[in-house]
Amino acid sequence: MPRCISSSVQHIPDPAKAAITDAERENAESIASVFHGQVPRLKRCYENALSDDRNLEVTVKVQWTISRDGSVANVCSVNDTNGVPFGFLGCLSSEIAIMRFPPQTDQPIDVVFPLIFKFDE
């Protein structure tokens, strides 16, 4: 997964904040719902990586663009991923890239989600 080049990220609005419109809140909640529904696929990436390193713990902020048609583009990491297995990052990137989100009515939107993977026995 490549490192993001741009440091200016347009986040989806936090649905918990009152300063956003109802439409923005609904869009943010629907994006989060789609993403959280795909978490088991991301966990499989981690479980596969655990076969090589049972002590692997990873925190990665992943950024991607949701295009106007709801497809995903430009998957990258916001933070440093040195030491994180390439196979794991490639799996995460591939799984996020095939996600489909609600179409964006105004313009494409950049999303950042922090992901924390830690083995619990």
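Before moving on, here are some points about what is shown:
- Any hit, segment 34-57, residues being over 15 Å from PRO2 (Cα atoms), modelled with pLDDT of 90 or more and touching a Lys or Arg at 6+ places or on another chain (Cβ under 8 Å): yes
- Index of the failed condition, ALA23 passing every other in (1) hydrophobic (A, V, I, L, M, F, W, C); (2) in a helix (DSSP H, G or I); (3) buried (at least 16 other Cβ atoms within 10 Å of the Cβ): (3)
- Considering residues of segment 72-97 that are without any contact (Cβ under 8 Å) to a residue 40 or more places away in the chain, touching a helix residue (DSSP H, G or I) at 6+ places or on another chain (Cβ under 9 Å) and in a loop (DSSP other than H, G, I, E, B) only, the residue surrounded by the most Cβ atoms within 10 Å (Cβ to Cβ): VAL84
- Residue in segment 91-103 that is modelled with pLDDT under 90 and charged (D, E, K, R) present: no
The values are calculated or read from the model by the stated rules, or taken from the named source; none is laboratory data. Keep in mind that what you see is a predicted model, and the values were worked out from it rather than measured. Quick reminder, even Gly has a Cβ in these numbers, built from the backbone with ideal geometry, and neighbours come from all protein chains shown.
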